[in-house]
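The values are calculated or read from the model by the stated rules, or taken from the named source; none is laboratory data. In this text, all values refer to a predicted model and were calculated from it rather than measured experimentally. Cβ placement follows ideal geometry from the backbone for every residue including glycine, while neighbour counts extend to all protein chains displayed. Please note that ligands, DNA and RNA were not included when accessible areas were found on the heavy atoms of the full protein model with its side chains. Shrake-Rupley method; radii C 1.70, N 1.55, O 1.52, S 1.80 Å.
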Amino acid sequence: MVQLQTSCQLKDNLVKIEKFIRVAAQEGAKLIAFPEVMNIIDSHTPSYSESDGGETFRLLSRLAKTLGVYIHGGSWSETIPASKKHYNTSYLFDDKGIVVGKYRKIHTFDITDPSGQIYRESDTVTSGQEVVVVETPLGKLGFAICYDLRFPELHRLLALKGAEIIFNPSDFNLMTGKDHWEVLLRARAIENGVYMIAADQYGQNAKMLAYGNSLVVNPWGTVIARAGDGEQILYADIDLDGLAEIRNRMQTLENRQSEVYRLSENAQNVARNTDGK
């Protein structure tokens, strides 16, 4: 997992990203994950977006194939034809350079923080509509992005769809990150019996002061890798046998009372009350 401080210079960022990937692969990584908005952060949103096959896409695809690794590209801005908005999109490339997973951020960051600063991601980002889990030789991988972390419903749906590992690439604000980041990641891991892989941006960028503290959390809620200050690579071992053992001990997913409550991907499928209201 790579913690970045992404700048407003696309070319420089991509050169740096390639170096990190090559080092991680050389050190034996089988899966390499990046933060949200990994390729460029500018004060103008988006100053750069790309369709499938764009510059960032091509780089990660080529490196995944050349080095024989899986790469989760964090996220970047995906162009929407004939629209002023874009998607905030994650791509997963397999070890042959093929896209095997694609997720568009569902929950847009629309808040006013305690200092009065207003953030309205929905002004520029169109929400995705699909809950995504991909089965791979490395495990069943679920997708979320940054603000999605605050919505346990999404993570529970991912677990119910079979996710064993959930990515939560982020550009998390220092103001809230210092109090909520680790707590939320550990909670999502514990309540769903999953690994959480959360690569975060670090330091001041063109949008905000990012919290850093990239984490990998195991299904027991233990932090097994934590970034310090600055850009860096973190390494962690994912133990799916250990995951199964923890799930067998706690059995949270099996003990859900679905006859009392129901969680549905589609609002049209939400169960009605017995009185029809």
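Worth pointing out:
- Treating each Cα of region 182-222 as an identical point scatterer and summing with the Debye formula, the log10 of I(q)/I(0) at q = 0.17, 0.35 Å⁻¹ comes to -0.47, -1.09.
- Prolate is the label for region 138-231, because a/c, from the alpha-carbon gyration tensor with a ≥ b ≥ c as root eigenvalues, is 1.5 or above and a/b exceeds b/c.
- Here Lys161 is the anchor, and the aspartates and glutamates within straight C-alpha reach of less than 18 Å, apart from those fewer than 8 places off in the same chain, are Glu130, Glu135, Asp148, Glu153, Glu191, Glu254, Glu265.
- Selection from Val223, Leu92, Leu31, by position along the positive dipole direction of the chain (Cβ): Leu92
- Alpha-carbon centroid distance for the pair region 185-256 / region 163-177, whole angstrom: 9
- Computed about its Cα centre, the charge dipole of region 1-88 is approximately 200 debye, with only Lys, Arg, Asp and Glu carrying charge at their Cβ.
- The heavy atoms of Thr66 present about 90 square angstrom of accessible area, all protein chains included, probe 1.4 Å.
- The residues of the chain present an accessible area of 48 Å² per residue when probed at 1.4 Å with all protein chains retained.
- Sum of side-chain charges, Lys102 neighbourhood, beta-carbon under 10 Å (Lys, Arg +1; Asp, Glu -1): -2
- Note on Leu160/Ser115: beta-carbon distance plugged into 1/(1 + (r/R0)^6) with R0 of 25 Å gives a FRET efficiency of 0.10.
- Within the straight-line cut-off of under 16 Å between alpha carbons, the lysines reachable from Lys105 are Lys85, sequence neighbours fewer than 8 places apart in one chain being disregarded.
- Computed over the chain: relative contact order in percent, which uses C-alpha pairs under 8 Å that are six or more apart: 17
- Spatially proximal lysines relative to Lys96 (Cα-Cα < 21 Å; intrachain offsets below 8 disregarded): Lys19, Lys30, Lys65, Lys140
- Of the trypsin sites (Lys or Arg not before Pro) in region 61-90, the ones in a loop by DSSP (not H, G, I, E or B) with at most 12 other beta carbons within 10 Å are Lys84.
- Over the chain, DSSP H runs of length four or greater, each weighted -39,500 (n - 2.57), average out per residue to a 222 nm ellipticity of -8000 deg cm²/dmol.
- Using a simple spin-label model with pseudo-atoms 7 Å out from Cα toward Cβ, Val23 and Leu240 lie 2.9 nm apart.
- Solvent-accessible area, 1.4 Å probe, carbon plus sulfur percent, for the chain: 48
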